[in-house]
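Here you go, one structure.
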Amino acid sequence: MEDGKMVEPQKVDAPVRPDIDLAKLPNATIGDIYVENPRMTARQVRVNYGDKTAIEDVSLDIGGSEVISFIGPSGCGKSTFLRCLNRMNDTIKTCKVSGDIRLNGGDIYAPDVDVVPLRARVGMVFQKPNPFPKSIFDNVAYGPKIHGLADNTGHLKQIVQEALERAGLWSEVHNRLDDPGTGLSGGQQQRLCIARAIAVSPEIILMDEPCSALDPIATARIEQLIHELSSEYSIVIVTHSLQQAARVSKRTAYFHLGRLVEVGLTDKLFMKPQHEMTNNYITGRFG
Amino acid sequence: MIDTPKGLVSPTTATERVAASMAKRKKSERNFQLLGRSAIAVALTFLVVLFFSIFSKGLPGFFQYYVEIEVEIDREKLDPTGDLSLQSLYDGDARGVIRSALYAAVDAEGRKNKRAAGKLISAGAEQRLRELVYDDPSLMDTTQTLRFALDDDVDSFLRGFIKRETPEKDRRISDKMVEYIDRLQSDGKIVYAFSDYLIFGSASRNPEMAGIYGAFIGSILTLSVCLVLAFPIGVATAIYLEEIAPKNRITEIIEININNLAAVPSVVFGILGLAVFIGIFGMPRSIPLIGGVVLALMTLPTIIISSRAAIRAVPPSVREAALGVGASQVQTIFHHVIPLAMPGMLTGTIIGMAQALGETAPLLMIGMVAFIVDVPGGVTDPGTVLPVQIFMWADFAERMFVQKTSAAIIVLLAFLITMNAAAIIVRKKLERRW
Amino acid sequence: MSDLHIVSQFQRELDAIKAKIIKMGGLVEASIVGASASLYNRDAELAEQVRAADAAIDVLEQQINDEAARVIALRSPNAEDLRLLLTVIKVSGNLERIADYSKNIAKRTRVLLELRSIEGSPAALRRMAREVELMLGDALNAYVQQDQALALAVIERDEAVDQIYNTLFREFLTFMMEDPRNITACMHLHFIAKNIERMGDHVTSIAEQVVFYASGEKPTDERTKADITSSDATLSGMNPTRSIGAE
């Protein structure tokens, strides 16, 4: 393993050959798209950047208290689909999202929906840790403050403490809450970002390759944290590391060229994938 | 013919060739460094010469010659009505009081001699006496040793610019005056001291009384107006263009125009101010308000462009983090983007201000070249600014103005350096790591 | 295989393991053939060769295990690669046991050569060994080609082997009862027959691994075990309550 980064031993950028691959895509997603009592549902989602289609006809359920991982080669649309779930794609001007995405039954793309409270209910953790250039306390307190979640200052302090505890960071920072958030190590910063997301009491936490900038120990701590958090939150994690998806998630969804090829229980999918393309991807073969 | 190899060379060949090329590369490297160093040396030389010439000419401008004489502060003469009112003081004969003291100091007898003696002292001496007595009436009916400025010709003579050897008919100072000057000097009554006139005096045709105070206040007022207008508008425009405006043709056109405005000669803004504010709106000329508006128009493009660059430099990850936690666009801008962009915005603003401080042409167009004696009390009082004052003084013939002009330039430079230092301090304080 | 691993070193490692298992299979087949021939032809030298050749087979099993473990540790294989490596460990174990039985046959053959010969049984044993040898060949082909159908067919053929064993069991009992001087030889021959029957079971186990490798599922049907000698007390044809010799 190289220092500082977890190296996927078998995975090299698979050259995507759209002409060959398109022919092999299944007509419909293979596997269990639906779950009972889903928290979020997506039906026939399509995303275009200008005239380029990034995601085509993706339907998927996200269940409560589950960890589901999105895997697939670069450019397959997994991050794009992730960002549809909390409407972060709104910030990109050329992006058009169509289809039906619901959170607890409510359409999140309805014209009267305000994205601000949506993003409090569907939190996000990014690839490179991006704490605010403020103190550790202010980082975590910012969300509750702007959403008016705390009754008073004391309550706010409690929220911050609990969020940091759940993120496994409290013991390391409780005596230096006024230090700048950017002064922490990479792994700590990412946990701070997770605490920041937790502080606004979301139902779902979206994670876009949260460990790709971290060393193996920090990665392991975050994976442990994901496991602990999964009892309360639904977690959707996009990852380039097959082994991470295998370790961390209960369900795995394989994307390719903008389509959802296969979804299934992680242990089944990694032992016996049903579609040839899934098999080729997870064993590291040319498609 | 040497066979040129195709494609990558072997490491051994590469090592050889790299070593062989080193001599030539090192030589061009050395030449470049030499060029750079000599350029720096030339620049430093020029800098030294510049500062030397400014300071050598300017420092003496901070000083002028005074005479200290015993004055009988005669109440009756100074304050005829006895109520110490300004009117009374002006009606009184302060000049006479001073003249008597002067005649006594040089033993002047006869009208001609007395006239010569009278020419020694500055015309502003009597005002000085009036102010003195007005501020401190207890001085009445006492005899005090007071210090008065000498006339600018005497000052020039004492500095050596008017030469003793020149024949009297070509000299601005008569022989009798020279005799009196020598007398006063041998009595130790002539003093070379820090010129309070320079700093606290206002515009005057008499060089010994001329000062920059009025222009200084005028500059401050004008710059204040400029800052109050340009900073908020410039920053808000930058925020709008960067964060909120949709990327379409109209926005593009606005951007192009702003960039072009930055290159427009400043005189044009003066003409604009003249035509619009003074011509159409009929506002008075030469007031800091108009000057400030004109300078604001001129500085806006600078502030907008540098603010936009500062906003663009804020990494998108900060924005994404804020949006991801549920901040609205406005909250993202004001809580996250602006604090991080602030150092850059402030730096751009202060650079713009420093530029505005030194602007002369547009202010000339709106008439701030007028001869204003009084210190402007507010933005609607007529005034002038430092660079214009310097410009005017450079025109005047009297020798003493040369020194004062250079001294004023030093003051202006000090102002500029202070502003830039403030920029650096502010930027350092506000810099945050992200 | 039309699809190759992007990391060619990984591909080579897997191919090397497959080559080793094929080689091992070949050696084991040769061992069976040799043991059977040495018994039928009463060839002591051949028997000794078979016994000596077992060492190389043990070495191959160890090598295959080591390399499989290494690839699992370093390459984090998934899906079919993982199934290949898991099954290859078991298959090599099965092959090693088959070879051990073969060696045992060869050793007993040497002893038998000093005893009186028994009519008939060597032929039957030769037939049995031949069947097992063919089954093994097919099972290994099925493994390499991931041929589930072939593997299932192999599993079915084990029944025939078991039947031959049942027949031989009764035969030896008869011989031993006829003439007690036959007992020693018949005991050895019986052990040889049992070894061959066990070989058949191991080949069946290999075939089961093939199904898992190809499909990711274990074969659901229970193997029909036709060997009834361990469960049927009446196999000798004699009433167990009657005393011996009271015919």
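Which residues, counting only those in the range A:1-47, are at pLDDT 85 or above, among the polar types (S, T, N, Q) and surrounded by 11 or more Cβ atoms within 10 Å (Cβ to Cβ)?
A:29, A:41, A:44
Tell me which of these residue C:43 doesn't satisfy, since it passes every other one: (1) at pLDDT below 95; (2) more than 29 Å from residue C:112 (Cβ to Cβ); (3) surrounded by 15 or more Cβ atoms within 10 Å (Cβ to Cβ).
Here residue C:43 clears every test but (2).
Would you confirm, using the coordinates I've provided, whether residue A:274 is within 14 Å of chain C (Cβ to nearest Cβ) and either small (Gly, Ala, Ser) or in contact (Cβ under 8 Å) with a residue 12 or more places away in the chain (or both)? Don't jump to the end; show me each part of the working.
Numbers: within 14 Å of chain C (Cβ to nearest Cβ): yes; either small (Gly, Ala, Ser) or in contact (Cβ under 8 Å) with a residue 12 or more places away in the chain (or both): yes.
Considered against the rule, which asks whether it is within 14 Å of chain C (Cβ to nearest Cβ) and either small (Gly, Ala, Ser) or in contact (Cβ under 8 Å) with a residue 12 or more places away in the chain (or both), residue A:274 comes out as yes.
Per-residue answers, yes or no, for (1) modelled with pLDDT of 85 or more; (2) loosely packed, with under 11 Cβ neighbours inside 10 Å:
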residue	(1), (2)
B:50	yes, yes
B:55	yes, no
B:58	no, no
B:61	no, no
B:75	no, no
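Hey, does the range B:283-293 have a residue that's more than 18 Å from residue B:350 (Cα to Cα), exposed (fewer than 12 other Cβ atoms within 10 Å of the Cβ) and either without any contact (Cβ under 8 Å) to a residue 12 or more places away in the chain or not basic (Lys, Arg) (or both)?
Initial filter on the range B:283-293 (more than 18 Å from residue B:350 (Cα to Cα)): B:283-290.
Going one step further and asking which of them are exposed (fewer than 12 other Cβ atoms within 10 Å of the Cβ), we end up with none.
No; the residues of the range B:283-293 include none that is more than 18 Å from residue B:350 (Cα to Cα), exposed (fewer than 12 other Cβ atoms within 10 Å of the Cβ) and either without any contact (Cβ under 8 Å) to a residue 12 or more places away in the chain or not basic (Lys, Arg) (or both).
Is one or more of the residues making up the range C:158-173 closer than 29 Å to residue C:81 by Cα, in contact (Cβ under 8 Å) with a residue 24 or more places away in the chain and away from every other protein chain (no Cβ under 14 Å)? Spell out the reasoning first.
Kept after step one, since they are closer than 29 Å to residue C:81 by Cα, are these residues of the range C:158-173: C:158.
Retained after the next criterion (residues that are in contact (Cβ under 8 Å) with a residue 24 or more places away in the chain): C:158.
This time we only want the ones that are away from every other protein chain (no Cβ under 14 Å), so: C:158.
For the range C:158-173, residues closer than 29 Å to residue C:81 by Cα, in contact (Cβ under 8 Å) with a residue 24 or more places away in the chain and away from every other protein chain (no Cβ under 14 Å): present.
Next question, about the same structure. Are any residues in the range C:4-57 without any contact (Cβ under 8 Å) to a residue 60 or more places away in the chain, within 17 Å of residue C:91 (Cβ to Cβ) and within 14 Å of chain A (Cβ to nearest Cβ), and if so, which ones?
Once the filter is applied, which keeps residues that are without any contact (Cβ under 8 Å) to a residue 60 or more places away in the chain, within 17 Å of residue C:91 (Cβ to Cβ) and within 14 Å of chain A (Cβ to nearest Cβ), the range C:4-57 yields only C:15.
Picking from B:315, B:343, which residue would you name as being within 14 Å of chain A (Cβ to nearest Cβ) and closer than 30 Å to residue A:201 by Cβ?
Numbers: B:343 fails: closer than 30 Å to residue A:201 by Cβ.
Answer to the selection: B:315.
Right, here's the next one. Which residues, counting only those in the range B:318-340, are polar (S, T, N, Q) and at the interface with another protein chain (Cβ under 7 Å from one of its Cβ atoms)? Walk me through it before giving the result.
Applying the first criterion (polar (S, T, N, Q)) to the range B:318-340 yields B:328-329, B:331-332.
Of everything in the range B:318-340, those that are polar (S, T, N, Q) and at the interface with another protein chain (Cβ under 7 Å from one of its Cβ atoms) turn out to be B:328, B:331.
With the structure loaded, tell me whether residue A:50 is more than 14 Å from the chain's Cα centre (by Cα), modelled with pLDDT under 95 and closer than 21 Å to residue A:121 by Cβ or whether it fails that test. Spell out how you get there, then give the answer.
On the way: more than 14 Å from the chain's Cα centre (by Cα): yes; modelled with pLDDT under 95: yes; closer than 21 Å to residue A:121 by Cβ: no.
Judged against the criteria, residue A:50 is not a match.
Then there's this: Among the residues of the range C:58-80, write down those that are part of a helix (DSSP H, G or I) and within 11 Å of chain A (Cβ to nearest Cβ).
Start the filter on the range C:58-80 by keeping residues that are part of a helix (DSSP H, G or I), which leaves C:58-75, C:79-80.
C:71, C:73, C:74, C:75, C:79, C:80 - these are the residues of the range C:58-80 that are part of a helix (DSSP H, G or I) and within 11 Å of chain A (Cβ to nearest Cβ).
For the range A:180-199, how many residues are within 12 Å of another protein chain (Cβ to nearest Cβ) and of a type in the set (D, E, K, R)?
Residues flagged as within 12 Å of another protein chain (Cβ to nearest Cβ) and of a type in the set (D, E, K, R) within the range A:180-199 amount to 1.
For the range A:91-119, give me each residue that is under 20 Å from residue B:331 (Cβ atoms) and touching a Ser or Thr at 6+ places or on another chain (Cβ under 6 Å).
A:116
Sort out which residues of the range A:84-112 are within 14 Å of chain B (Cβ to nearest Cβ), exposed (fewer than 14 other Cβ atoms within 10 Å of the Cβ) and touching a Phe, Trp or Tyr at 6+ places or on another chain (Cβ under 9 Å), and write them in order of number.
Listed by number, the residues that qualify are A:92, A:94.
The values are calculated or read from the model by the stated rules, or taken from the named source; none is laboratory data. These figures come from a predicted structure and were not determined experimentally. Note that we place each Cβ from the backbone using ideal geometry, even for glycine, and neighbour counts take in every protein chain shown.
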